[in-house]
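The values are calculated or read from the model by the stated rules, or taken from the named source; none is laboratory data. Just so it is clear, the structure is predicted and the values come from calculations on it, not from any experiment. All Cβ positions, even for glycine, are placed from backbone atoms using ideal geometry, and neighbour counts span all protein chains on display.
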Amino acid sequence: MYKLLDSINKPADFRNFSIEQLNELCAEVRDYMIRCCAVNPGHLGSSLGAVELITALHYVYDTPNDKIIFDVGHQAYAHKILTGRKEAFKGNRTKGGISGFPKMDESPFDAFGVGHSSTSISAALGLAKAAELKKEGRKVVAVIGDGAMTGGLAFEGLNNAGAANSDLLIILNDNNQSIDGNLGAVHNYLLRITSGHSYNVIKQKIWDTVGEGQLRDFLQKITKDTKSNLVRKSGGDLFESLGFRYFGPIDGNDMEQLVTTLRRLSKISGPRILHVHTLKGKGFAPAEQDPTTWHAPGKFDPETGKRVPTHYPADRYQDVFGEVLLDLAKKDDRVVGITPAMSYGCGMSAFAKEMPQRFFDVGIEEEHAVTFSAGLAAGGMRPFCNIYSSFSQRAYDQIIHDVALQNLPVVLCFDRGGLVGEDGATHHGCYDLAAYRSIPGTTIAAPSNETELKNLMYSGLHNEGGPYIIRYPRGCGEGTPWRESEYSLLEKGKGEQLRPGSDIAILVLGPFCRQALAAAERLSKEEGIEASVYDMRFLKPIDTSILEKAAASKYGILTVEEGTIKGGLFGEVAERMVSESVNISIKGIGIPDKFVTQDRQTAQRKEYGLDEEGIFDVLTKMCKKLQKVLENKN
């Protein structure tokens, strides 16, 4: 079907191509990517824009001997297609298929695994230093997106890399279209001069001739000041001040310019930055016109670009959060919303539009988002800081020192708590319950439905102090009429009994009460065993009155949570029973001590017993096992 792409199994297969052939190859890669993602959704927009850049990198550099490290990986689909995974890309992000992000154990071309933002520079510096210490002579390139450059870790890496004077090329892949004004003849002329072989040979000879001393320092200062003035308008002054040589910006979709520039820069040593501009969604008109939607568009018609509508059986938790936050803000002028670059994904778009002065998108800066929220709280505001659960891990220190230790009233809303599906191990929100349970003065709640999320947000607004964590899953709620209900203040540390029963107790944290109730009814009909079901609602403080009732159950206690069994609800209940010397059987359903790979969210939940069948199966095994024990005693 594809004249060139079908013959490519590795980058070496196209390193003798002409520029015209490389452009043709890029067109085929882009078409293949669109057709694959149309039926098997993924992160499309950024990858469409980076096709020429990735092709040029593999063309110029001797990969996999030379190392290319990507940031996040949203832009790396062409990389996967060109490095022997063309057929596997059809199963991208599916169970048993390749990951949606670079992954070290998947291919030798994936030099470093990624998933969270802003890691590429630090990792690339480590690889460059390792190559230097081992005298391997390999080249190392970090490709970082403009959004990822806002992360604090990126600047930590820049600071260290510039001071270390390592042989490292960082490519700032900027897909912000406002950069267009900087692309012109003067910039291209300066780029050709400063990246050219002759310029750098002459420059080095001058330094060698002058030697060390005041004259060389004086000439270097003049050179630096002159070049600084020339590049300041293009943003290079910051990088120059950190010890990098700055080049660009250039058109990251112009193959000839990319190849020429990369070849020249590959012959220059030391820390350097190439600033490229790519068009997000390039080559597919709908994605170019609406890059936000087409970042991850779902299924669509590859010919027309018409997206296949997604029908939700109930409101999504993220949308409930967004509507409730806006309503609370209208009622209380202290309410502010903070997000680290996830306004659309977390449901804050309407809030941002209606109350822009009280909405803060701080960029991909989770640590800053939390401490900024703490500052707002110290100033008398009531911040709702929304972070994806997986990303909240990066702000652990700030949650302890800046919020909890100072007892500040910050509501931390952790979206995507639990299993998230196709994004896989880097994005599952599995660890939050266990991680934050140990922090003094912290409240941790998990709503069982939309109405409970609404009321927990209202209760968090009235919390006196300390982190008030509300974690909820990706996807739809239970279909409760949450818009029609009035706000209700939920007592901290109090759960609710949903079904009576004295034989066995089911303690549920989060949105699995419906499945637990169905399993309990089935257990009653099929086995004659009565199970009590509790919506725990709070992990910390936990409802001790419920634990006392559960401890009296004949066959034991079953905990159900969409978090790691180690350290979460199961850990809390088990620790309590041991500390009270209660001799009772305790089992837990949740996420085991392993990294969970990508699959559909419903399939992942089924695999780990988070459905009616899974809960029923564990209940029957617990009861039958203890029945045998009791019979033997008698």
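Evaluate segment 395-404: report whether one residue or more is within 19 Å of Arg334 (Cα to Cα) and in the same structural domain as Tyr458 (by TED's automatic domain parsing).
Yes.
Out of Val533, Val560, which single residue is closer than 20 Å to Cys476 by Cβ and assigned by TED's automatic domain parsing to the domain that holds Glu607?
Answer to the selection: Val560.
With the condition kept exactly as written, say whether any residue in segment 499-515 is touching a Gly at 6+ places or on another chain (Cβ under 6 Å) and within 16 Å of Thr564 (Cα to Cα).
no
Can you give me the number of residues within segment 377-399 that are touching a residue at least 60 places away in the same chain (Cβ under 8 Å) and not charged (D, E, K, R)?
6
So, Ala550, is that one touching a strand residue (DSSP E or B) at 6+ places or on another chain (Cβ under 9 Å), touching a residue at least 60 places away in the same chain (Cβ under 8 Å), of a type in the set (Gly, Ala, Ser) and outside any loop (DSSP other than H, G, I, E, B) or not?
no
Quick test for you: out of Ser459, Ser532, pick the one residue that is in contact with a Lys or Arg (Cβ under 7 Å, 6 or more places away or on another chain), of a type outside the set (Phe, Trp, Tyr), touching a residue at least 24 places away in the same chain (Cβ under 8 Å) and farther than 22 Å from Leu419 by Cα.
Ser532
Mind telling me which of the residues Ile34, Ile54 ends up being touching a Pro at 6+ places or on another chain (Cβ under 6 Å), buried (at least 16 other Cβ atoms within 10 Å of the Cβ) and assigned by TED's automatic domain parsing to the domain that holds Gly145? I'd like the intermediate steps shown before the answer.
Numbers: Ile54 fails: touching a Pro at 6+ places or on another chain (Cβ under 6 Å).
It is Ile34.
Could you go through segment 603-620 and let me know if any residue there is out of contact with any Pro (no Cβ under 6 Å at 6 or more places or on another chain) and at positive phi. It would help to see each step written out before you state the result.
Within segment 603-620, the subset out of contact with any Pro (no Cβ under 6 Å at 6 or more places or on another chain) is 603-620.
Adding the requirement that they be at positive phi leaves 609.
Yes.
Only one of Asp361, Asp423 is touching a Lys or Arg at 6+ places or on another chain (Cβ under 9 Å) and under 28 Å from Ala296 (Cα atoms); which?
Residue meeting the stated conditions: Asp423.
Condition first: in a strand (DSSP E or B), hydrophobic (A, V, I, L, M, F, W, C) and not assigned by TED's automatic domain parsing to the domain that holds Tyr388. Can you find one or more residues in segment 298-308 that meet it?
Scanning segment 298-308 turns up at least one residue that is in a strand (DSSP E or B), hydrophobic (A, V, I, L, M, F, W, C) and not assigned by TED's automatic domain parsing to the domain that holds Tyr388.
Tell me the residue from Asn632, Asn583 that is of a type in the set (S, T, N, Q), in a helix (DSSP H, G or I) and more than 19 Å from Ala434 (Cα to Cα), please.
Residue meeting the stated conditions: Asn632.
In segment 586-609, what residues are among the small types (Gly, Ala, Ser) and touching a Ser or Thr at 6+ places or on another chain (Cβ under 9 Å)? First the steps, then the outcome.
Going through segment 586-609, the residues among the small types (Gly, Ala, Ser) turn out to be 588, 590, 603, 609.
Correct list: Gly588, Gly590.
Could you check segment 1-17 and list, in sequence order, the residues that are among the hydroxyl-bearing types (Ser, Thr, Tyr) and touching a residue at least 40 places away in the same chain (Cβ under 8 Å)? I'd like the intermediate steps shown before the answer.
First pass over segment 1-17, keeping only residues among the hydroxyl-bearing types (Ser, Thr, Tyr): 2, 7.
Answer for segment 1-17, where residues must be among the hydroxyl-bearing types (Ser, Thr, Tyr) and touching a residue at least 40 places away in the same chain (Cβ under 8 Å): there is none.
Scan segment 273-314 for residues that are surrounded by fewer than 19 Cβ atoms within 10 Å (Cβ to Cβ) and charged (D, E, K, R) and jot them down.
Once the filter is applied, which keeps residues that are surrounded by fewer than 19 Cβ atoms within 10 Å (Cβ to Cβ) and charged (D, E, K, R), segment 273-314 yields Glu288, Asp290, Lys299, Asp301, Glu303, Lys306, Arg307.
Scanning for something assigned to a loop (DSSP other than H, G, I, E, B), closer than 27 Å to Thr602 by Cα, modelled with pLDDT of 95 or more and not assigned by TED's automatic domain parsing to the domain that holds Phe391, does segment 79-86 turn up at least one residue?
Within segment 79-86, one or more residues are assigned to a loop (DSSP other than H, G, I, E, B), closer than 27 Å to Thr602 by Cα, modelled with pLDDT of 95 or more and not assigned by TED's automatic domain parsing to the domain that holds Phe391.
Could you list all residues from segment 74-119 that are crowded, with 22+ Cβ neighbours inside 10 Å and either among the polar types (S, T, N, Q) or farther than 29 Å from Pro340 by Cα (or both)?
Gln75, Ile81, Leu82, Thr83, Asn92, Ser99, Ser117, Ser118, Thr119
Within the bounds of segment 321-334, is there any residue that is within 21 Å of the chain's Cα centre (by Cα) and either crowded, with 22+ Cβ neighbours inside 10 Å or not assigned by TED's automatic domain parsing to the domain that holds Thr119 (or both)? Give the steps one after another, and end with the answer.
Just the residues of segment 321-334 that are within 21 Å of the chain's Cα centre (by Cα), to begin with: 321-322.
Imposing the further condition that a residue be either crowded, with 22+ Cβ neighbours inside 10 Å or not assigned by TED's automatic domain parsing to the domain that holds Thr119 (or both) reduces the set to 321-322.
Yes, because at least one residue in segment 321-334 is within 21 Å of the chain's Cα centre (by Cα) and either crowded, with 22+ Cβ neighbours inside 10 Å or not assigned by TED's automatic domain parsing to the domain that holds Thr119 (or both).
For segment 482-496, state whether one or more residues are touching a residue at least 60 places away in the same chain (Cβ under 8 Å), in contact with a helix residue (DSSP H, G or I) (Cβ under 8 Å, 6 or more places away or on another chain), not assigned by TED's automatic domain parsing to the domain that holds Gln406 and not basic (Lys, Arg).
Yes, the conditions are met somewhere in segment 482-496.
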